[in-house]
Amino acid sequence: MNKASLIVAASENGVIGNSGDLPWRLSADLKRFKQLTMGHAMIMGRKTFESIGRLLPGRTTIIVTRQTGYEFPGALIAGNVSQAIEMSGIDEHPFITGGAEIYRVALPLVEKIYLTRVHVDIDGDTYLGGIDWTQWKRVESEPHFADDRNQYDFTFESYVRITA
Ligand SMILES: NC(=O)c1ccc[n+]([C@@H]2O[C@H](COP(=O)([O-])OP(=O)(O)OC[C@H]3O[C@@H](n4cnc5c(N)ncnc54)[C@H](OP(=O)(O)O)[C@@H]3O)[C@@H](O)[C@H]2O)c1
């Protein structure tokens, strides 16, 4: 199976979403997301896809849903995350791009996590859960300060799975 990575932005208290959207404005994070995912497959839950509402250029969108007959022109549809990873075909580095439900089921299948830690405690209705960070080694940590295009301080981090 291809080596999938998970990419997520989460607040200090684990929030990743609110009312179907991102709870912050962080232009640098959107830029990093674009750079990392460009040319690759993005595997996302149906709700995350609908919150984006369109295909992102230069990338293959694979939507995970339990609905039969779900379609969106130009997107691939998968019935579960394993099938979605298989559908990413020759792409050796597909990305799991959320949301919370898809992160949870995809976690055992990924070998790298790109995390943007947003340095704020914030209200939200969707949380990143189920990651045992003792099983992951941090290999990147790049802090940034808030500015007029980035609402909060944040740190770009990446983690690789610790293998026994
Ligand atoms: N901060 C970040 O990095 C980040 C990234 C992505 C999303 N988000 C936020 O996260 C929120 C959305 O996350 P969410 O957890 O509510 O929804 P989600 O994971 O995007 O989508 C959930 C949907 O995926 C499908 N699904 C889930 N598990 C499945 C399985 N095992 N097999 C087949 N299909 C499955 C179902 O679709 P059907 O109902 O169609 O069957 C389910 O309703 C939004 O607020 C969004 O902005 C944040």
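Miscellaneous remarks
- 20 Å Cα cut-off, lysine pairs counted over the chain (separation 8 or more, or different chains): 7
- For the chain: relative contact order, % (alpha-carbon pairs under 8 angstrom, 6 or more apart): 33 percent
- If you take the Cα centroid of region 42-59 and the Cα centroid of region 95-151, the two points sit 18 Å apart.
- For the chain: accessible area per residue (Å², 1.4 Å): 55 Å²
- Bridge type composition, the chain - antiparallel percent by DSSP, nearest 5: 50 percent
- Shape of region 1-108, Cα gyration tensor, a/c cut at 1.5: rounded
- Comparing Gln35, Gln83, Gln151 in a Gaussian network model of the chain, where Cα atoms under 10 Å apart are tied by springs, the biggest mean-square fluctuation is seen for Gln35.
- Build a GNM of the chain with springs between Cα atoms under 10 Å apart, and of Thr97, Thr116, Thr134 the one that fluctuates most is Thr134.
- Sulfur and carbon atoms: percent of accessible area, region 4-161 [1.4 Å]: 50 percent
- Those trypsin sites (Lys or Arg not before Pro) in region 49-103 that DSSP places in a loop and that have at most 14 other beta carbons within 10 Å: Arg54, Arg66
- Cα-derived Rg to Rh of region 1-61, Kirkwood definition: 0.95
The values are calculated or read from the model by the stated rules, or taken from the named source; none is laboratory data. Remember, it's a predicted structure, so these values are computed and weren't measured experimentally. Cβ atoms come from the backbone with ideal geometry, glycine included; neighbour counts cover every protein chain shown. Remember, those area values only see protein heavy atoms, side chains included, never the ligands or the DNA or RNA. Shrake-Rupley method; radii C 1.70, N 1.55, O 1.52, S 1.80 Å.
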